[in-house]
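Just so you know, all these numbers are worked out from the coordinates, no wet-lab data involved. A quick note: this is a predicted structure, and the numbers were derived from the prediction, not measured. Using ideal geometry, Cβ is built from the backbone for each residue, glycine included, and neighbour counts are taken over all protein chains shown.
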Amino acid sequence: MNNRQMMFILSRVAFWLGITWFVMVVIVAVYSGTSRLVIVNLTDALSHLLIPALRGMLVYPLPFGGSLRGDFIIAGVILMIISKLLSYYVDRAQA
């Protein structure tokens with residue numbers, strides 16, 4: 001496996017991880033059902049994947065019971081930027 005293929009794979013992994021963070025933002029924002037404890041445990045586990053300076057940053061409660069997790073949004077944006085930079089590198093290496 002050469003360097004270009006590895007960068008392509010890393011680009012796709014970063015893309016799907018970014019999508020996962022954005023999906024979690026939506027779930028936490030709109031879900032207020034009876035099994036909310038499962039979502040709280042999942043967000044707690046995911047927040048431990050973030051760097052401590054980012055963890056819990058920009059978390060806003062929403063009026064319908066959810067919360068807007070700014071730290072998850074920032075993590076998703078960073079992963080999308082990494083994905084775009086890696087795919088740009090792959091395209092440049094191919095030319």
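Once the piece of chain linking residue 73 and residue 34 is laid out straight, how much longer is it, given 0.36 nm per residue of separation minus the C-alpha distance between them?
11.6 nm
Nearest 10 degrees is fine. How inclined is helix 70-94 to the longest principal axis of the chain, computing both from alpha carbons?
With rounding to tens, the tilt is 10 degrees.
What is the mean projected area of the alpha carbon convex hull for the chain, to one decimal in square nanometres? Provide the component values of the computation, followed by the final result.
Details: hull surface 28.4 nm².
Mean projected area for the chain: 7.1 nm², to one decimal.
Mind telling me which of 69, 36, 12 comes out most flexible in a GNM of the chain, alpha-carbon contacts under 10 Å?
36
Kindly put 86, 37, 68 in sequence by how many other C-beta atoms sit within 10 Å of each C-beta, fewest to most. If you can, show how the numbers build up before the last one.
Working: 86 20, 37 8, 68 14.
Fewest-to-most Cβ neighbours within 10 Å comes out as 37, 68, 86.
Nearest 20 debye, what's the magnitude of the dipole of the chain about its Cα centre given +1 on Lys and Arg Cβ and -1 on Asp and Glu Cβ?
Details: 7 positive and 3 negative charges, 36 e Å.
I would put it at about 180 debye.
Projecting each Cα onto the charge dipole of the stretch 3-94 (Lys/Arg +1, Asp/Glu -1 at the beta carbon, about the Cα centre), which of 27, 16, 75 comes out farthest on the positive side?
Farthest towards the positive pole: 16.
What longest range of the chain stays clear of loop-exposed chymotrypsin sites (Phe, Trp or Tyr not before Pro) (DSSP non-H/G/I/E/B, at most 14 other C-beta within 10 angstrom)?
Numbers: sites that count: 31, 64.
Longest stretch, sites excluded: 32-63.
Through the Karplus equation 6.51 cos²θ - 1.76 cosθ + 1.60, θ set to phi - 60°, convert the phi angles of the stretch 15-30 into ³J(HN,Hα) values in whole Hz; use x for Gly and Pro.
So the J values, rounded to whole Hz, are 4, 6, 5, x, 4, 4, 4, 5, 5, 5, 4, 5, 4, 5, 6, 9.
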